[in-house]
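Please read the structure below before turning to the comments.
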Amino acid sequence: MQLINGKYSWIWLLVFCAATFWYAAGQNEMQIAKQGHYGVLSLVPALATLVICFATRNVIFALFMGVVLGGLVTGQHNIVQHFLIPSIGTTRFAEILLVYLWALGGLLGIWNRNGGAYHFAQHVSQNYVRSRRSAMFFAWLMGMIFHQGGTISTVLTGTTVRPVADREKVAHEELAYVVDSTASPVATIIPFNVWPVYVAGLIAIPSMSHFIANTDAAVTLFFKAIPFNFYGWIAVTFTLLFALDKLPFVGNKMNAARTRAIETGELDGPEAEPMLSKELVSRNVPEGYKPSMLDFFVPISVLLGVCIVPYILYGTLMIFEAFGLAVVSAMLLSIIRGMEVSEAFDGLIEGIKGVTVGAIILALAVTLAKVSETLGASAYVIEYTTEFLTTMPFILPGLLMVICMVVSFSVGSSWGTYAVVFPIALPLVYAISPDAMYMVLAFGAIMGGAVFGDQCSPISDTTILSSLACGSDLMDHVYTQLPLALTAAGLSIALYTAGALFLTG
């Protein structure tokens, strides 16, 4: 694969790295003395990663180069010791690896071996899904139901609906868009999950106690802002209209993907590199084993039951236990129903092998997030875009959304964006206007802006996992959904600006 058009692409990359290193070497002392960031150099790794990602379509290479540049800017040239090991050795990455990749891959592999998911798809296709439109609506509905959190939603929805969508010739780009945009956006407008608690923990702090008294007040603010999370509502509405084939604008690339799937039956583009390996695409049911609806519903019921019931009763979200028990139940049921133990374990191993590429990409994405945190990228963006706001208060909510869009797109995390933006932005909002509605409007803008980046960034875990679960090429998914998400974001910014102008004018 040619990384960048042109015979001398590697030379240009080396020159860029060398120039960055030379400049950083003379600037580190001065930049470290600033308020927690390295100035404009704080943005170099994340922006370079995005540029290389879009230019080359090689996500692993782009992420690795971003980490290397982070080492050059900070002077920490041993990126393995300073960035990779601390990032990959964290509890968060262990959870991602064990739950969303090994458990997900294992479950997919077992379903591939016992035919459970395909059998379910056949049943749904024969009784409920009779067209492309009903298949995509089924995907939208599953996304609304599985709304416990961004990554959980993408895994459950993509895994459930992909066989049905494949049968009805829904392009993988189309399916990935529906799955991705009914993940985090839905989690912020149907908040029966951990999002309110997480955000409350960020804003119920001493520095905000004069306008957010305690955790209960913080959770109340979250719920009050739900109607004003314009991006969440518009994104979910767009996705429903898209699924029903009623959205007038879908973008040229998405339209081309849709036309290709309908006319040729090809679910991926000619140059696509789907993130699911062949181990998870073709069925491999042993001779003599008869697939059953139980093979699908038992592990799904275990997963949802262990996730949701303890949360409702005790407020505890048992994600790892849920995925682990789902895999165990799928294996045990297959063995009880006549599958050889060796066959069940072969399915598990093949499934894990099938998501290896996703594991590598997520490892580098987590590392790049650590790099951006070390560089203070978010603090830099906020510091240099909020100085003039006291004279133009009506632009603040819309601007906060833009800032969150840029930050979350660059670092690939909505929760990470919340962690750095909320403690800085909310005191600024209150200082400009203590009006309660103005605060709610700004709060909703921050929620929606961060979700945009989480949904669209090629280094976001939900974007990666949506592509993984739906069998789509990652960059094809990014390119096709970006025009739709940007349209929703543009409408949201206009609504925030109009609302703030009404309140402050």
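The values are calculated or read from the model by the stated rules, or taken from the named source; none is laboratory data. Since this is a predicted model, take the numbers as computed values, not measurements. Note that each Cβ is placed from the backbone with ideal geometry, even for glycine, and that neighbours are counted across all protein chains shown.
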Filter pass, Lys224 being over 22 Å from Ala469 (Cα atoms), over 20 Å from the mean Cα position of the chain (by Cα), not aliphatic (A, V, I, L, M) and not in a loop (DSSP other than H, G, I, E, B): yes
Of the criteria (1) surrounded by fewer than 18 Cβ atoms within 10 Å (Cβ to Cβ); (2) under 29 Å from Trp195 (Cα atoms); (3) among the small types (Gly, Ala, Ser), which one Ala326 fails: (1)
Val155 part of a helix (DSSP H, G or I), surrounded by 16 or more Cβ atoms within 10 Å (Cβ to Cβ) and either more than 22 Å from the chain's Cα centre (by Cα) or modelled with pLDDT under 85 (or both): yes
Qualifying helices (runs of 4 or more DSSP H) (wholly inside the range 397-505; at least 1 residues being more than 25 Å from Leu240 (Cβ to Cβ)): 414-432, 436-456, 474-504
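Do you know which of the residues in the range 171-187 that are of a type in the set (Gly, Ala, Ser), out of contact with any His (no Cβ under 6 Å at 6 or more places or on another chain) and part of a helix (DSSP H, G or I) is surrounded by the most Cβ atoms within 10 Å (Cβ to Cβ)? Before you say what the answer is, go through the steps one by one.
Applying the first criterion (of a type in the set (Gly, Ala, Ser)) to the range 171-187 yields 171, 176, 181, 183-184, 187.
Restricting the remaining residues to those that are out of contact with any His (no Cβ under 6 Å at 6 or more places or on another chain) gives 171, 181, 183-184.
Filter once more, so that each one left must be part of a helix (DSSP H, G or I): 181, 184.
Working: Ser181: 28, Ser184: 30.
Looking at the filtered set, the residue picked out is Ser184.
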Considering residues of the range 370-380 that are out of contact with any Pro (no Cβ under 6 Å at 6 or more places or on another chain) and crowded, with 24+ Cβ neighbours inside 10 Å only, the residue modelled with the highest pLDDT: Leu375
Any chance Phe394 is under 30 Å from Gly490 (Cβ atoms), of a type in the set (A, V, I, L, M, F, W, C) and modelled with pLDDT of 85 or more: yes
Long-range neighbours under 6 Å by Cβ, at least six apart or interchain, first residue closer than 21 Å to Ile459 by Cβ within the range 153-182, second among the hydroxyl-bearing types (Ser, Thr, Tyr) and not in a helix (DSSP H, G or I): His172/Ser472; Glu173/Ser472; Ala176/Ser472
Answer residue from the range 188-221, given it is of a type in the set (S, T, N, Q), part of a helix (DSSP H, G or I) and more than 22 Å from the chain's Cα centre (by Cα) and is surrounded by the fewest Cβ atoms within 10 Å (Cβ to Cβ) among those: Ser207
Residues that are of a type in the set (S, T, N, Q), touching a residue at least 24 places away in the same chain (Cβ under 8 Å) and either under 14 Å from Tyr289 (Cα atoms) or not in a helix (DSSP H, G or I) (or both), drawn from the range 334-361: Ser334
Yes/no for Leu313 being farther than 26 Å from Val357 by Cα and either out of contact with any helix residue (DSSP H, G or I) (no Cβ under 8 Å at 6 or more places or on another chain) or at pLDDT 90 or above (or both): yes
Enumeration of residues in the range 312-326 that are touching a residue at least 60 places away in the same chain (Cβ under 8 Å) and touching a Leu at 6+ places or on another chain (Cβ under 9 Å): Phe320, Phe323, Gly324, Ala326
Pairs where the first residue, in the range 69-94, is among the charged types (D, E, K, R) and the second is in a loop (DSSP other than H, G, I, E, B) and surrounded by 14 or more Cβ atoms within 10 Å (Cβ to Cβ), C-beta under 8 Å, 6+ apart: none
The range 412-451: number of residues that are out of contact with any helix residue (DSSP H, G or I) (no Cβ under 7 Å at 6 or more places or on another chain) and either surrounded by 21 or more Cβ atoms within 10 Å (Cβ to Cβ) or at pLDDT 80 or above (or both): 2
